[in-house]
Every structure is written in structure tokens, then in C-alpha cells.
Amino acid sequence: MLNSRLGVELASIATAFVLLLAAPLYLSDFSLNLLGQFLALAILAIGLDLIWGYTGILSLGQGVFFGLGAYGMAMYLKLAALGPGELPDFMTWSGIEELPAIWQPFQSFPLTLLLIVLIPGLLAWLLGALVFRSRIKGVYFSILTQALAVIVATLFVDQQELTGGSSGLTNFQSLFGMPLNEPETQVRLYYASLLILLGVYLLARWITGSSMGKILRAIRDAENRTRFCGYNPTAYKAFVFGLAAVFAAVAGALYVPQNGIIAPAMLGVVPSIEMVIWVALGGRGTLIGAILGTLIVNYTKYYLSNAYPDFWLYFLGSLFLLVVLAFPQGIVGSLPRIERSKAQKVQTA
């Protein structure tokens, strides 16, 4: 039964991957760009599923790490479009005459990639090590991450001369000399998002299937008992929190050139809570559910916000409540229960 279910799951994943691989053949340029953005966001959702679904850590501040990765890539794109000695337009308006030191490393693409991974990862690991060592968890940790999102979003708005303020960074021109508005460039970015999503999924699947995955689930279900068994929950929780932050930052770096803008509003509390909804809807602790939930919520959000601009938030909230009440384990998480129910009916008949 287990092997049969695993076979169906792997076949479904392989079919979905082939369909996504062939998407440029049957989707319009606009639809492909939209799908590429959502696949990038799914990378973040897998990280959130690792910390929430498998380890029991509910972070309401993942938007911060997403934003750090997105701003890192946006800074590189802004500088790449400038000539020698030129500055981004908002710096000129703010009276700045030299490129600030914090922007200097982002003139190099390899260094930009390194910082996109290191800064959010180390920040999350350090925060996690300090907080988890003090045995802060549950709702207190969620509130703490929420406060972090508020602080960082406010800081980015206030630092107008460095971050572009509330308008953020936009008007990107090219990547490696390829115009970002060209369909060929967007196809390449789409494939980059798809392949990195596949790599992140396989890595997360390997982690959850290893002995480390068992320890993470043990921490989620009985942290004190895990500690008494000789394991150090702080080290495991800090590591997986840092890894989820890296996933979020990579998602942000892939999202920016496809979306064309990053602003403080996209890394605050509201988007962070929305990210939790993606995983809750798809089914936490399933990985595939995180990807599915991200696609469903974002496509629904896109459709409703265009069709009903004044009421789409009510529709989206109602949809979330409906799904959570009908499928408290999420869509993918409810499938085993539905299968058992069908099997019992067959046996009864």
C-alpha cells in the first residue's frame, strides 16, 4: 500500500515536472512570466514547510528574508544598468554624490549571489540560536518574528536614500546584457526558477527522509522528550530556520527580475502571513502541498484582484476559511484521510 502510494506520488510529480518543463510551448509570454514568479515563491514555501510543518516553528517573518534576497538582486540589477560614476535616480534626488559602501559589493554578480545566501541565512541562524537557546517557542516566537518584519519594513521605508523608500527599487533593464522585457529572457528566468525549485524540493525531501527529518518531527511533537534523549533541539531548530531563510532569499532573488519591483510592502507582516496561508492551504508537512498551495493562492489572488478589485480580499479570506474548515490538514494533507474513508466504505459494502 505504501509503495503503491509512493509510486503514484512520484508519477504525479514527474508528470507535473514534464508539464512545467513544456510550459513555454503552450503558455503565452504573460502567463509564463506569472507562473515563473509563482514557482519562485514556492521555493520560499518549501522552507516555511520545513520549519512549520516538520519542526513546529511558526514564523510570521519570512517576508524579511525574502525581501533581503530580493533587494540584493535588485541592487545588482540597478547598478548593472548604470554607466561608470552614475548613481541610481533616487540617490541623486536624495543628494548623494558617491555610491554608499553598503551598495559597493553588489556591483559584482558572484558577490551578490554570495551575500543573498549568507546574509539572510546567518541572520536567521543567529536569531534562532539566541531565541531557541532561551526556549522561546510557540506563539511567542511567532510574535517575535512578526515584530522583526515590522522593524525591517519600517527601516527600509525610512532609509529613502539607500533603499528607495516606500517606492522600493524598480525599473530594471537587463541581466547579463539580456533585456528583461524580452520573452527569451523571461523563458530563461522561468527555467531557472523551475530547476532551482526542483533542487530545493529534492533537498528538502532528502532532509525530511533522513534521520535529521525524524529528529525535526520529534522536536515538533515532543521537544522535551527529544532533549532528554540526548539531542540538542536548539542546534537543529537554528539550522532549519537558517536554511528556510536561505530558501526565502533565493526565492526573492528569482522573483525580482520576473516581477520588476521590490518594495518594503512586500516584506512586512501581511505578506509574511500570506506565505503561511500558502502552506496551510496546501497541507503543511507535505512539501508538495506547500508548492500546490502557493500556486492556488497566488493564481486565485491574481484572478480575484483583477475581476473584483474592491472585494477580492474578502473572497480570498472566505476561500481560505472554507478550505481550512473543510480540510484542516490542507489539501494534500487530507488525501490519506479521504483514501481511508473510501477504503472503509468499500470494506463495509
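Restricting attention to region 106-116, which residues are surrounded by fewer than 17 Cβ atoms within 10 Å (Cβ to Cβ) and part of a helix (DSSP H, G or I)? Lay out the reasoning, then the answer.
Let us first name the residues in region 106-116 that are surrounded by fewer than 17 Cβ atoms within 10 Å (Cβ to Cβ), namely 107-111, 113-114.
Listed by number, the residues that qualify are Gln107, Phe109, Pro110, Leu111, Leu113, Leu114.
Looking at region 315-323, is at least one residue open to solvent by 30 Å² or more (accessible area, probe 1.4 Å), touching a residue at least 60 places away in the same chain (Cβ under 8 Å) and not acidic (Asp, Glu)? Among the residues of region 315-323, not one is open to solvent by 30 Å² or more (accessible area, probe 1.4 Å), touching a residue at least 60 places away in the same chain (Cβ under 8 Å) and not acidic (Asp, Glu), which makes the answer no.
From the list Gly36, Gly67, Gly72, Gly47, the one residue that fits, being touching a strand residue (DSSP E or B) at 6+ places or on another chain (Cβ under 8 Å), buried (at least 23 other Cβ atoms within 10 Å of the Cβ) and under 30 Å from Leu295 (Cα atoms), is Gly67.
Would you confirm, using the coordinates I've provided, whether Leu60 is outside any helix (DSSP H, G or I), open to solvent by 10 Å² or more (accessible area, probe 1.4 Å), on the phi < 0 side of the Ramachandran plot and not polar (S, T, N, Q)?
Yes, satisfied.
Let's see how each residue does on (1) touching a Cys at 6+ places or on another chain (Cβ under 7 Å); (2) in a helix (DSSP H, G or I); (3) not aliphatic (A, V, I, L, M):
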| residue | (1), (2), (3) |
| --- | --- |
| Asn181 | no, no, yes |
| Leu189 | no, yes, no |
| Ile196 | no, yes, no |
| Gly199 | no, yes, yes |
| Leu202 | no, yes, no |
| Ile207 | no, yes, no |
| Lys214 | no, yes, yes |
| Arg220 | no, yes, yes |
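Here Trp103 clears all of (1) open to solvent by 10 Å² or more (accessible area, probe 1.4 Å); (2) closer than 21 Å to Leu175 by Cα; (3) without any contact (Cβ under 8 Å) to a residue 60 or more places away in the chain except the condition numbered (1). Selection over region 124-143 of residues that are touching a Ser or Thr at 6+ places or on another chain (Cβ under 6 Å) and of a type in the set (D, E, K, R) gives a count of 1. Within region 147-157, the set of residues being open to solvent by 40 Å² or more (accessible area, probe 1.4 Å) and in contact with a Ser or Thr (Cβ under 7 Å, 6 or more places away or on another chain) comprises just one member, Val157. So, in region 158-178, exactly how many residues are open to solvent by 60 Å² or more (accessible area, probe 1.4 Å) and more than 16 Å from Pro88 (Cα to Cα)? Going through region 158-178 one residue at a time, the tally reaches 3.
The values are calculated or read from the model by the stated rules, or taken from the named source; none is laboratory data. Predicted model only: the values in this text are computed from it and were never measured. FYI the Cβ positions are ideal-geometry reconstructions off the backbone, even for glycines, and counts take in every protein chain you see. Heads up: the accessible areas ignore ligands, DNA and RNA and are worked out on the full protein's heavy atoms, side chains in. Shrake-Rupley method; radii C 1.70, N 1.55, O 1.52, S 1.80 Å.
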